[in-house]
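All of the numbers you see were taken from the coordinates with simple rules; none came from a lab. On a predicted model such as this, the values are computed, not experimentally measured, just so you know. Glycine gets a Cβ as well: all are built from the backbone with ideal geometry, and neighbour counts include every protein chain shown.
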């Protein structure tokens, strides 16, 4: 039986997952540019260490979105746990707030069809625009939009940009106030 007070995590198989994580009370713990830089570097390092392949990411002062693939769902679970522990320790050290709880919970969705996958890729790449932090997501340095455009084929970039995301249902109830900008 599912626990009614928290999202259920069904990270059991290899595949591609859409992850949204938020800070406790939606607090803007990662407001400083250095904090977001450190969070992003930790994400890159820890995802590699846990054999998780990042396909898209958007990092903000109080939440993040990821599209990540793996050979085993437990790899994603371990990667998220390590990311949350390391980033909490780092931001608490910077703020001199030892032991403060930083991350609240995360939601995961396995992406099992191409349409859902493409929509979440676009949604994640463009999330800084959605939150009003950037007019062009490629200029927001804590997301994958510019990386995607540089590394994916022009044809695939065109396909992803054409996907409609106005009806994508994502829990993304985070205010952008206080977010860092590049």
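Looking only at region 49-76, count every residue that is under 15 Å from the mean Cα position of the chain (by Cα) and surrounded by fewer than 18 Cβ atoms within 10 Å (Cβ to Cβ) and tell me the total.
Total meeting the criteria: 3.
Hey, can you tell me all the residues within region 78-102 that are over 15 Å from the mean Cα position of the chain (by Cα) and free of Cβ contacts under 8 Å to residues at least 12 places away in the same chain?
85, 89, 92, 93, 96, 97, 98, 99
Rundown of residues vs (1) touching a strand residue (DSSP E or B) at 6+ places or on another chain (Cβ under 8 Å); (2) more than 15 Å from residue 43 (Cβ to Cβ), yes/no style:
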residue: 78; (1), (2): no, no
residue: 82; (1), (2): no, no
residue: 94; (1), (2): no, yes
residue: 102; (1), (2): yes, no
residue: 108; (1), (2): yes, yes
